[in-house]
Each structure stands twice: as structure tokens, then as C-alpha cells.
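The values are calculated or read from the model by the stated rules, or taken from the named source; none is laboratory data. These numbers were taken from a predicted model, which means no experiment stands behind them. We place every Cβ from the backbone using ideal geometry, glycine too, and count neighbours over all the protein chains shown. Surface accessibility is based on the protein's heavy atoms, side chains included, excluding ligands, DNA and RNA. Shrake-Rupley method; radii C 1.70, N 1.55, O 1.52, S 1.80 Å.
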Amino acid sequence: MQIIVTGHGNFGTGIESTVKLLAGSIPDVRYIDFSANMNEQELANKFEELLQVDPKAVFFCDLIGGTPYKQAVYKKENYEVAVIAGCNVGSLLEVGLQNNLKDATDVHVIAQSLVEAAKNGIQEFGVRKTQIIDESEEDGI
């Protein structure tokens, strides 16, 4: 299995640069940019090349609904693929370094691990996570 990091501009190689600075390379993670001089078919062809080598992949995209996301979703027709968007460097580091992607068997397990790691890694400095209170319920006081 592989993780394919992709997005608009230099999203993919930008994430790659940060990952290499912090932790070196993560095995079985690929980085594909959708640059201004590319069209959708060229991006689809790059995805196809990677999937020919390893037909199981989690696509780690920058935005829901963008061209890289849509082209990744199209690959679900012929490959075992999961597509996520909105994750971050921290989630990629956590999941990529804690799992042997080559031996992973379920793309959806890895995808959900990335999503959960991203959610857990988002916080505001100095503010504790608090339980959300449903104000529609009476507290009986």
C-alpha cells in the first residue's frame, strides 16, 4: 500500500519538504503536485503510473472537490483506493512512521487513522478541549 500526497500548486512537494526536514523519508509515501502548467489528464496519468506499481493507495488531498481529489476518486473504479482531504503534516508523520505501509492491507483503516490523527492534532494554544454542551437540554437545576 502507498499514500499519495497530492494537491494544488506545490502542496505535495511542500509536504514532502517538511516531512524530510522533520523525519527524513517515509517509506511508501509519494508526493504529486498539480501545478499550473498541468491539465487533469496529466495528473490522472501520474496517478495511474503509481497505481500500476502498487494498486492499493490512500490519496491524501489538499481540498475536498478539487481536481486532485476528483481524479483520485475516479481511480476507485479500478483500484483499491481511499481518498481523504484536509489532513496535515502531523497526521502524515504519525501514521506514516507508525505503520509499515507495505504490509498494510486495508486502505480504509489507514485513511481513518490519518483523519483521526489530524483531528487530534488540531488545537488552539492555551485553550483546553472542553465537552460540548447541548443547550437544548435542561440541566435540572
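Report yes if ASP62 is under 25 Å from ILE122 (Cβ atoms), in contact (Cβ under 8 Å) with a residue 24 or more places away in the chain, acidic (Asp, Glu) and touching a strand residue (DSSP E or B) at 6+ places or on another chain (Cβ under 9 Å), otherwise no. Spelling it out, ASP62 is indeed under 25 Å from ILE122 (Cβ atoms), in contact (Cβ under 8 Å) with a residue 24 or more places away in the chain, acidic (Asp, Glu) and touching a strand residue (DSSP E or B) at 6+ places or on another chain (Cβ under 9 Å). Give me the residue from segment 1-39 that is part of a helix (DSSP H, G or I) and in contact with a Pro (Cβ under 9 Å, 6 or more places away or on another chain) and, out of that set, most open to solvent (accessible area, probe 1.4 Å). In this case the residue turns out to be PHE11. Condition check: open to solvent by less than 30 Å² (accessible area, probe 1.4 Å), touching a residue at least 40 places away in the same chain (Cβ under 8 Å) and of a type in the set (Gly, Ala, Ser). Does ALA72 satisfy that? Yes: the conditions hold for ALA72. Within segment 100-124, residues that are closer than 16 Å to ASP54 by Cβ have Cβ atoms under 6 Å from residues that are modelled with pLDDT of 95 or more and acidic (Asp, Glu) in these pairs: LEU101/ASP28; LYS102/ASP28; VAL107/GLU80, counting only partners at least 6 apart in sequence or on another chain. Would segment 52-69 turn up any residue that is modelled with pLDDT of 95 or more, touching a helix residue (DSSP H, G or I) at 6+ places or on another chain (Cβ under 7 Å), among the polar types (S, T, N, Q) and open to solvent by 20 Å² or more (accessible area, probe 1.4 Å)? Within segment 52-69, one or more residues are modelled with pLDDT of 95 or more, touching a helix residue (DSSP H, G or I) at 6+ places or on another chain (Cβ under 7 Å), among the polar types (S, T, N, Q) and open to solvent by 20 Å² or more (accessible area, probe 1.4 Å). Of the residues LYS56, LYS70, the single one that is touching a strand residue (DSSP E or B) at 6+ places or on another chain (Cβ under 8 Å) and at negative phi is LYS56. Within segment 94-119, the set of residues being small (Gly, Ala, Ser) and in contact with a helix residue (DSSP H, G or I) (Cβ under 7 Å, 6 or more places away or on another chain) comprises ALA104, SER113, ALA117, ALA118. Among the residues making up segment 75-98, those that are assigned to a loop (DSSP other than H, G, I, E, B), closer than 22 Å to SER17 by Cβ and either open to solvent by 50 Å² or more (accessible area, probe 1.4 Å) or among the polar types (S, T, N, Q) (or both) are GLY86, ASN88.
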